[in-house]
Amino acid sequence: MKTFLLLLIAIFPIQSTDWQLDFEKAKQMAQAEHKLILLNFSGSDWCGPCIRMHKEILDTDAFGQFAKERLVLVSADFPRSKKNALSTEQQKKNDQLAETYNNKGAFPLTLLLTADGKLLKTWDGLPKLTTAEFTQQIQSVIDASH
């Protein structure tokens, strides 16, 4: 049975969405790969709409496949629980991102940015969209920027 499961895992790799934590690194990646940046501000352990956005849109296989080809994803998480606490360095990075892009402290807040950090589109709160509608909005911005 174990061999069968290992074979299934090898044949059907698990789709995981690669979220960056370092915005400067993400900008470099976006420039090198000619992609846009999707920056998501979240409270992963206290913000119900943030948790729902991840579950219903950002963590779906459909979004993961779309993002892998077109976006560099950046997570700016602000957990409250001590067990989920970020390193001091990561907290500072997220605070700096919030000062620049989320000075009102909105959660969730999702931004579509150019590789150099210019704002293209904002979703304030949990979008009332399906994953397909959300990705179509992103694709429309990509199409308009080319």
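Throughout, read-outs are computed from the coordinates displayed, never taken from laboratory work. Predicted model only: the values in this text are computed from it and were never measured. Using ideal geometry, Cβ is built from the backbone for each residue, glycine included, and neighbour counts are taken over all protein chains shown.
Grab the beta carbon distance between SER145 and ARG52, set R0 = 35 Å, and tell me the FRET efficiency rounded to 0.05. Don't skip to the end; give the middle numbers.
Working: r = 29 Å, r/R0 = 0.82.
The formula returns an efficiency of 0.75 here.
What length, rounded to one decimal in nm, is gained on full extension from GLN28 through to LEU129, with 0.36 nm per residue of separation minus their alpha-carbon distance? Provide the component values of the computation, followed by the final result.
Working: separation 101, 0.36 × 101 = 36.36 nm, distance 2.98 nm.
That pair, GLN28 and LEU129, stretches by 33.4 nm at full extension.
If amide H atoms are built 1.01 Å from N in the plane of the peptide, which residues on other chains or at least 5 residues away come under 5 Å of the amide H of LYS121?
LEU112
Students often check this: by mean Cβ neighbours within 10 Å, which of 63-76, 116-129, 17-30 ranks highest, and how do the rest follow?
Numbers: 63-76: 18.8, 116-129: 13.7, 17-30: 16.6.
Sorting 63-76, 116-129, 17-30 by mean packing, highest first, produces 63-76, 17-30, 116-129.
Which residue, chosen from PRO49, PRO127, PHE23, occupies the Cα position most advanced towards the positive end of the dipole of the chain, where the dipole is computed from +1 (Lys, Arg) and -1 (Asp, Glu) charges on Cβ about the Cα centre?
The listed residue farthest towards the positive side: PRO49.
Quick one: what are the phi-derived ³J(HN,Hα) couplings along the range 88-105, Karplus 6.51/-1.76/1.60 with θ = phi - 60°, whole Hz, x for glycine and proline?
Result, rounded to whole Hz: 4, 4, 5, 4, 5, 4, 5, 4, 5, 4, 5, 4, 7, 10, 9, 5, 8, x.
Can you tell me which lysines have their Cα less than 25 Å from the Cα of LYS55? Leave out same-chain residues fewer than eight positions away.
The qualifying lysines are LYS35, LYS68, LYS82, LYS83, LYS93, LYS104, LYS121, LYS128.
Can you sort LEU36, LEU58 by how many other beta carbons sit within 10 Å, fewest first? Mind dumping the intermediate values first?
On the way: LEU36 19, LEU58 22.
Going from least to most buried by this count: LEU36, LEU58.
I want to check the label-to-label distance for GLN137 and LYS83. Put each point 7 Å from Cα in the C-beta direction and report it in nm to one decimal.
Here the modelled spin labels are 3.3 nm apart.
Kindly provide the helix-only [θ] at 222 nm of the chain, computed as the sum of -39,500 (n - 2.57) over DSSP H runs of four or more divided by all residues, to the nearest 500 deg cm²/dmol? It would help to have the intermediate numbers written out before the result.
Working: 6 runs with 66 residues, N = 146.
Estimated from H runs of four or more residues: -13500 deg cm²/dmol.
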